[in-house]
């Protein structure tokens with residue numbers, strides 16, 4: 001297992017109870033990072049993730065917050081700062097596709113739900129943490145996007161794809177704003193990864209995707225987490241404003 005350089009770092013991972021978020025918490029913990037595990041509904045799963053991280057010898061704290069809400073996102077940041085004294089790393093992983101619908105049939109409620117989950121959560125958490133990173137003259141922000149941002153998404157997922165494209169644009173713009181302060185901002189765009197996301201999003205069986213993937217398999221949450229961990233580390237100090245694809249060659 002590859003080890004990266006972390007000098008007494010503290011991370012906050014949103015949506016850390018399952019899938020890529022959970023795998024990222026564990027990988028960071030294995031590298032000696034103190035981790036705040038954010039969750040909203042999956043408390044039991046979040047506790048198991050935190051326990052697994054603690055088994056690696058890392059300090060962890062559970063922080064419940066609906067990151068779609070500005071006030072809750074700010075309270076989450078404050079709680080983590082109170083617990084650990086600082087936040088060096090923010091992984092904006094929370095997101096998803098609540099329901100598929102073509103644009104013609106999409107009502108405003110569903111549109112707002114998708115945008116709140118994938119766009120506003122990233123904005124609220126990033127904005128709340130930026131002053132602290134500027135003050136410490138160090139920071140790593142890693143946003144989780146999607147291959148959908150580049151392909152337009154799968155069946156009836158146009159707005160989801162658009163929301164993830166926003167994440168990439170935000171990543172590149174924010175990277176320019178924060179570079180002078182020693183803060184890097186990057187994005188990871190997973191392809192078809194074996195996580196609970198595809199069950200909730202009613203993606204269907206993985207078999208239909210395999211012919212499109214040169215490696216002829218779907219990815220794992222751990223493979224995405226390894227890249228996120230690198231981007232969160234001191235080793236990635238000259239990498240910012242970039243979007244990294246993790247899709248087995250599909251795109």
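Residue 77 - would you say it is modelled with pLDDT of 95 or more, under 14 Å from residue 125 (Cβ atoms) and within 20 Å of the chain's Cα centre (by Cα)? Outline the logic, then answer.
Details: modelled with pLDDT of 95 or more: yes; under 14 Å from residue 125 (Cβ atoms): yes; within 20 Å of the chain's Cα centre (by Cα): yes.
Answer is yes for this residue.
Could you say whether any residue in region 105-127 is part of a loop (DSSP other than H, G, I, E, B), over 16 Å from the mean Cα position of the chain (by Cα) and touching a residue at least 40 places away in the same chain (Cβ under 8 Å)? Looking for residues that are part of a loop (DSSP other than H, G, I, E, B), over 16 Å from the mean Cα position of the chain (by Cα) and touching a residue at least 40 places away in the same chain (Cβ under 8 Å), one finds at least one in region 105-127, hence yes. Take residue 183 and decide whether it is buried (at least 18 other Cβ atoms within 10 Å of the Cβ) and within 14 Å of the chain's Cα centre (by Cα). Here the answer is no, as residue 183 does not meet what is asked.
Counting residues in region 129-137 that are part of a helix (DSSP H, G or I), touching a strand residue (DSSP E or B) at 6+ places or on another chain (Cβ under 6 Å), under 22 Å from residue 69 (Cα atoms) and at pLDDT 95 or above gives one or more. Return the only residue of 151, 171, 195 being in contact (Cβ under 8 Å) with a residue 12 or more places away in the chain, buried (at least 20 other Cβ atoms within 10 Å of the Cβ) and out of contact with any strand residue (DSSP E or B) (no Cβ under 7 Å at 6 or more places or on another chain). Going through 151, 171, 195 in turn, the sole match is 195.
Residues that are under 17 Å from the mean Cα position of the chain (by Cα) and on the phi < 0 side of the Ramachandran plot: does region 210-220 have at least one? Looking for residues that are under 17 Å from the mean Cα position of the chain (by Cα) and on the phi < 0 side of the Ramachandran plot, one finds at least one in region 210-220, hence yes.
The values are calculated or read from the model by the stated rules, or taken from the named source; none is laboratory data. The structure presented is a predicted model; accordingly, all values stated were derived computationally and were not measured. Counting neighbours? That spans all protein chains shown, and the Cβs are built from the backbone with ideal geometry, glycine included.
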